[in-house]
1. Determine, yes or no, whether D61 is surrounded by 12 or more Cβ atoms within 10 Å (Cβ to Cβ) and assigned to a loop (DSSP other than H, G, I, E, B).
2. In this structure, is G108 under 17 Å from V2 (Cα atoms) and either touching a His at 6+ places or on another chain (Cβ under 8 Å) or open to solvent by less than 20 Å² (accessible area, probe 1.4 Å) (or both)?
3. Return the pairs, sorted by first residue and then second, in which the second residue is surrounded by fewer than 17 Cβ atoms within 10 Å (Cβ to Cβ), the first residue lies in the stretch 62-88 and is without any contact (Cβ under 8 Å) to a residue 24 or more places away in the chain, the beta carbons are less than 6 Å apart, and the residues are 6+ apart or on different chains.
4. When the stretch 64-115 is examined, which residues are found to be among the polar types (S, T, N, Q) and either touching a Ser or Thr at 6+ places or on another chain (Cβ under 8 Å) or not in a strand (DSSP E or B) (or both)?
5. Working carefully through the options G55, G26, find the one that is more than 10 Å from the chain's Cα centre (by Cα), over 19 Å from V5 (Cα atoms) and small (G, A, S).
6. Take the conditions in contact with an Asp or Glu (Cβ under 6 Å, 6 or more places away or on another chain) and surrounded by fewer than 16 Cβ atoms within 10 Å (Cβ to Cβ) and apply them to R19. Does it pass?
7. Can you tell me which residues in the stretch 30-58 are within 19 Å of G100 (Cβ to Cβ) and part of a strand (DSSP E or B)?
8. I'd like to verify a number: residues in the stretch 31-46 that are farther than 16 Å from L4 by Cβ and open to solvent by 40 Å² or more (accessible area, probe 1.4 Å), how many?
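The values are calculated or read from the model by the stated rules, or taken from the named source; none is laboratory data. In this text the structure is predicted, and so the values were computed from the model without any measurement. Neighbour counts are summed over all protein chains in view; Cβ atoms, including those assigned to glycine, are modelled from backbone coordinates with ideal geometry. With ligands, DNA and RNA removed, areas are computed over all heavy atoms of the protein, side chains included. Shrake-Rupley method; radii C 1.70, N 1.55, O 1.52, S 1.80 Å.
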Amino acid sequence: QVQLVESGGGLVQPGGSLRLSCAASGSISPPYSMVWYRAAPGEKRYLCATITTAGHTVYMDSVEGRFTISLDNAKKTVYLQMNDLTPDDTAVYYCGLWDGPKEYWGQGTQVTVSS
């Protein structure tokens, strides 16, 4: 069984930065993908960014250039560096791991951007 534990959320002022982390534990080996989704209040989840164990990345248009996803394969940990945050980035951020047909999800971490 694979478990994901997120950390790094919190309250930040507009223009600020945060780094989210998500550590995977359990029986998992490459190749797989790790993803960050987010859900704003009252909305469904939307994909923010993905990364494969080979290092290929994809970003949602609204975060490209401000967010950077990275993966430490040895630690099975994915990061999301978020810069130049705006109130529109306020959401619960969820980490996911996709291993073929299997999907695993973390509990989510709240990010609030407010002055």
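1. Considered against the rule, which asks whether it is surrounded by 12 or more Cβ atoms within 10 Å (Cβ to Cβ) and assigned to a loop (DSSP other than H, G, I, E, B), D61 comes out as no.
2. In short, no.
3. R66/N83; R66/D84; T68/Q81
4. Answer for the stretch 64-115, where residues must be among the polar types (S, T, N, Q) and either touching a Ser or Thr at 6+ places or on another chain (Cβ under 8 Å) or not in a strand (DSSP E or B) (or both): N73, T77, Q81, N83, T86, T90, Q107, T109, T112, S114, S115.
5. G55
6. Criteria not met by R19.
7. Of everything in the stretch 30-58, those that are within 19 Å of G100 (Cβ to Cβ) and part of a strand (DSSP E or B) turn out to be S33, M34, V35, Y37, L47, T50, I51, T52, V58.
8. Qualifying residue count, the stretch 31-46: 6.
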